[in-house]
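The values are calculated or read from the model by the stated rules, or taken from the named source; none is laboratory data. It should be emphasised that the depicted structure is a prediction, and the values quoted were computed from it without experimental measurement. Note that we place each Cβ from the backbone using ideal geometry, even for glycine, and neighbour counts take in every protein chain shown. The accessibility values were calculated without ligands, DNA or RNA, using every heavy atom of the protein model including side chains. Shrake-Rupley method; radii C 1.70, N 1.55, O 1.52, S 1.80 Å.
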Amino acid sequence: MLNAHCKTLKTAGNLNNEIGLPKTLMGLDSSYQAAVVEMGMSDFGEISRLSRAAAPSIGVITNIGFSHIAQLGSQEGICRAKLEILDGMAVDAPLVVNGDDPYLIPLKTTLSRPVYTYGIKNIGADCRAEHIVTEQGSTSFDLCWQGTATHVILPCIGEHNVMNAAAAFCIGMLAGMAPEEIAGALHTYQPAGMRQNIRKLGEQTVILDCYNASPDSMRASLSVLGQLSVAGRRIAVLGDMLELGEQSDRLHRMVGSMIKPDQVDLLFCCGPESSAIAEEAARQGVPVQHFLEKEALTEQLRHTIQPGDAILFKASRGMQLAPHANALFAELAS
C-alpha cells in the first residue's frame, strides 16, 4: 500500500547543481513505493533544476498565489516558474492542477499531456468535492471522480484542506490506489509543525501557522479560526508577509479587508508591513492593535488572553513569531 510505504521530502530551490537532490533523497530505499517531493523555489530556473533531478512521474501544482512575487514580478511569472516542473517529466506524465485557479484551468486544453483537475467550484473538475459539512473540528465531504463518489472525513477544518484532500485523491487514483484506501489514509491526517497546527493548551485553543504567509494562506488560516467553536473569543495575531516587493502594501491591505468582526473578535498585528492589515481591518470594524516589536505584542497578549479563547498566530517564517507564541503559552500553562 502506498500510504504505508511513502516518504515526503522537501527540497530548496537554490541547488547549485543537479547532484544535490539525490543527496536529499538518500533516505529512500527499496521499501518505499513512492516519494512526495515538495519543490520550493523563489526565482526562475529553480524548479526546472529540481524537476530534472527528480524526474516526477506525476506533477502537481496547487495554486498560483503571491509568494515570491517580488522576484517573479507577477502571478503570470509565478505560473511560468511553477510550470518548470514539466521540464523533468516524461511527455506523457500526468499533471494534476487546481481546477478552481484561473491561472491553471487553461492547462487542461493548452498542454499536450494528460492534465487532471480538482476543485470545489469548478463543476467540470475531474475530482470535485461536494456536500461539505464541518462540525466538531472535522470536515466530511464526497469526492466525485469519474462518476463515482467516495465519502471522506478529515480530522481538521478549512476549505483549503478539502482542496488538498482532493489533490491527494487525484494523485492516489493515478498511482493505482483504491478510493477506499485513499479515504482511509486521509482520515488519519494530522497537521504538524508550524503549518496550521491546532493545539489545546490549558483552556485556550492555539493555531500555530508561522511557516510562511501570503494572502491566500492568510485567508485559509482566518477561515479556520472563524470556523472554530469556542467558549471565549477568536483572536488573530498576524505578522508581516515577506518577499512581496513593491506589491507588499497592496497585498497586506487585501488581507486586512478580508477580516470581518463576525470572524475575528480581536486582531493584533506585528511588524512594519502589517500596519496596512491593521488599517484595513479597522475600517471593517474589527478591534485592532498594531505593534512594531514582538516583545510589546507578547506583553499585551499576556494581559489579554482569557480562558476559552482561540488564538491564531500567522506570519512569514522570517518574522520569528512562533518562538514568541510557544514561550507565551508555556508561561501561561505553568
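List of remarks:
- Highest-first arrangement of 292-305, 274-287, where packing means the average Cβ count within 10 Å: 274-287, 292-305
- Dividing the summed helix terms, -39500 (n - 2.57) for each DSSP H run of n ≥ 4, by the number of residues in the chain produces a 222 nm estimate of -9500 deg cm²/dmol to the nearest 500.
- Above 21 Å, the calculated P(r) of the stretch 208-334 contains 31 percent of its Cα-Cα pairs.
- The separation of the stretch 143-216 from the stretch 26-52, counted between C-alpha centres, amounts to 21 Å.
- Set 260/294; 121/200; 82/294; 82/121 screened for pairs whose C-alpha atoms are more than 29 Å apart: 121/200; 82/294
- When the stretch 289-334 is reduced to its Cα atoms, the Kirkwood hydrodynamic radius in Å: 11.4
- Using a probe radius of 1.4 angstrom, the carbon and sulfur fraction of the accessible surface of the chain is 52%.
- Modelled spin labels at residue 178 and residue 257, positioned 7 Å past Cα toward Cβ, are 5.0 nm from each other.
- Most to least packed among 251-261, 175-185, 160-170, 132-142 [average Cβ atoms within 10 Å]: 160-170, 251-261, 175-185, 132-142
- The peptide list 49-62, 232-245, put in order of mean Cβ contacts within 10 Å with the highest first, becomes 232-245, 49-62.
- Descending principal axes extents, the stretch 80-170, alpha-carbon based, whole Å: 43, 27, 22
- Heavy-atom surface of the chain, accessible at 1.4 Å and reported per residue (Å²): 47
- Residue 201 long-range amide H proximity, modeled H, under 5 Å: 206
- Theoretical gain in end-to-end length, residue 333 to residue 57 [0.36 nm per residue, Cα-Cα removed]: 94.6 nm
- For the stretch 157-237, the Cβ-based charge dipole about the Cα centre amounts to some 360 debye (Lys, Arg positive; Asp, Glu negative; other atoms uncharged).
- Label-reachable residues, the stretch 76-105, where backbone N falls under 20 Å from a point 7 Å from residue 44's Cα toward its Cβ: 76-89, 103-104
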